[in-house]
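The values are calculated or read from the model by the stated rules, or taken from the named source; none is laboratory data. Bear in mind that the values here come from a model prediction, so they are computed numbers and not experimental data. Reconstructed Cβ throughout: ideal geometry from the backbone, glycine too, with neighbour counts over all protein chains shown. Calculation scope for accessible area: heavy atoms of the full protein, side chains included, ligands and nucleic acids excluded. Shrake-Rupley method; radii C 1.70, N 1.55, O 1.52, S 1.80 Å.
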Amino acid sequence: MAERRAINKYYPPDWDPSQGSTNAYVGQHPLRDRARKLDEGILIVRFELPFSIWCGGCNGLLATGLRFNAEKKKAGSYYSTPIWSFRMKCRECSHWFEIRTNPKDSAYDVIDGARKKAEPEDLEDDNDELGEKIVDLSQVDENDKHSLLHKLEVSEARKRRAIQAAERLSTLQVSYA
């Protein structure tokens, strides 16, 4: 049935193309029921949970990938990137909860009505961007400090050798070209 909606168009007998679109003629928004709160700045969208959360009302678990009809509205901006707020109801208890985008960290934050389930990968926040362990030297004993510094020196030496080898390779490629 939905496939016919895109192909077949109904034009009322008293409609004239000079009157504008059929939506304007009938007095209906093109987004239909999704735009019922558009005057408040809210659009109804289909939202999929990016992570598992615990509902604040019934304390039930809402799993990753669960889809909701959410109210989407602009909550602010981070530099020029908009921050979107998604407000939806729990399926079990009809308790409202809100999730916002976080462009600074490229993530989503649970704002109200629920809490994020602690995942094992979330607990390992002491890694840098490359996934390597960040170590606080004030909490390490003297023997481990020396081994950590030795590892750092070795890795720096390897990096220097790799840069020198790349420079040498580029000069060889230029001389044979």
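For the structure I just gave you, tell me whether ALA114 is in contact with a Gly (Cβ under 8 Å, 6 or more places away or on another chain) and surrounded by 12 or more Cβ atoms within 10 Å (Cβ to Cβ).
Yes, satisfied.
Name every residue in segment 117-139 that is under 25 Å from GLY56 (Cβ atoms), open to solvent by less than 80 Å² (accessible area, probe 1.4 Å) and either part of a strand (DSSP E or B) or at pLDDT below 60 (or both), in order of residue number.
ASP122
Out of curiosity, is TRP54 surrounded by 12 or more Cβ atoms within 10 Å (Cβ to Cβ) and under 15 Å from LYS116 (Cβ atoms)?
yes
Quick one: which residue in ARG67, ARG34, ARG46 is open to solvent by 90 Å² or more (accessible area, probe 1.4 Å), in contact with an Asp or Glu (Cβ under 7 Å, 6 or more places away or on another chain) and under 30 Å from ASP109 (Cα atoms)?
ARG67
Looking at segment 83-100, which of its residues are open to solvent by 30 Å² or more (accessible area, probe 1.4 Å) and touching a strand residue (DSSP E or B) at 6+ places or on another chain (Cβ under 8 Å)?
ILE83, TRP84, ARG87, LYS89, ARG91, GLU92, CYS93, HIS95, TRP96, GLU98, ARG100
List every residue pair whose Cβ atoms sit under 7 Å apart, with the two residues 6 or more apart in sequence or on different chains, where the first one lies in segment 59-80 and is within 13 Å of LEU43 (Cα to Cα) and modelled with pLDDT of 90 or more and the second, anywhere, is in a loop (DSSP other than H, G, I, E, B) and of a type in the set (Gly, Ala, Ser).
Pairs that qualify, where the first residue is within 13 Å of LEU43 (Cα to Cα) and modelled with pLDDT of 90 or more and the partner is in a loop (DSSP other than H, G, I, E, B) and of a type in the set (Gly, Ala, Ser), are LYS73/GLY41; LYS74/GLY41.
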